[in-house]
Amino acid sequence: MSETHELSDDAKAVLGSWFGMMNVDGDLHFAMQKVRPTDRAKAALDELVSAGWLGYSPAQGGGHTYILMRGARRWMRWLQARAKKGDQSVNFKLVEPIRPNEGGSHDQ
C-alpha cells in the first residue's frame, strides 16, 4: 500500500498507541478471553490490516494476532502531539471486558 494512503484518525491513534514503540514484525495478541478491542478499535485494526500496516493471524481458541508490517513511531509522535493539544477525538477506549457467557471473538 502506498505511503500516501490516508488513514483515519482512529487508525493512526491505534497505530501510535499500540504499535508506536514496536519494531517491524512485532506483534500484539488478543486472547479474547478477558478483554477484547472495542468496536471502534477493531474497526481501526481492520483498516490497518487492509492498508498493509498490519498483518493478521487468527490464533487458536478464538484469539487474534496483529503483526506490525511497517514502522509506526511517527504515529506515536502524531498521537502525542494531538493529545498535548487536548484533542479528545483521539482519546477513546481501546479495550473492553468480556462478560461471562458473552462471546469474546470479533469476526475477522
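Here, each number is a calculation from the coordinates, and none is a lab measurement. All of these numbers come straight from a predicted model, not from anything done at the bench. Note that each Cβ is placed from the backbone with ideal geometry, even for glycine, and that neighbours are counted across all protein chains shown.
Listed values, structure above:
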quantity	calculated
Net charge of neighbours whose Cβ lies under 13 Å from the Cβ of residue 67, counting Lys and Arg as +1 and Asp and Glu as -1	-1
Cβ-based exposure ranking for 96, 6, in which fewest neighbours within 10 Å come first	6, 96
Amide H contacts of residue 95 (H built 1.01 Å from N, under 5 Å, at least 5 apart or other chain)	38
Within region 1-60, trypsin sites (Lys or Arg not before Pro) in DSSP loop having at most 15 other beta-carbon neighbours inside 10 Å	34
Two-site FRET efficiency, residue 81 against residue 56, from Cβ-Cβ distance with R₀ of 30 Å, rounded to 0.05	0.60
Footprinting exposure proxy for 90, 95 (fewest neighbouring C-beta atoms within 10 Å first)	95, 90
Inter-label distance for residue 70 and residue 88, nm, one decimal - labels placed 7 Å from Cα along Cα-to-Cβ	3.2
Potential lengthening between residue 101 and residue 27 on full extension [0.36 nm per residue; Cα-Cα distance subtracted]	23.8 nm
Derived scalar couplings ³J(HN,Hα) [region 16-26; Karplus, 6.51 cos²θ - 1.76 cosθ + 1.60; whole Hz; x for Gly, Pro]	x, 7, 8, 10, x, 9, 8, 7, 3, 6, x
Relative contact order computed over the chain (Cα-Cα under 8 Å; 6+ residues apart), in percent	39
Mean-position separation - Cα centroids, region 20-34 and region 71-91, in angstrom	19
Within region 69-101, backbone nitrogen closer than 16 Å to the virtual label 7 Å beyond the Cα of residue 8 toward Cβ	89-95
Label assignment, Kirkwood radius over Cα pairs in Å derived from the structure, set (1) 14.3; (2) 15.7; (3) 15.3	(1)
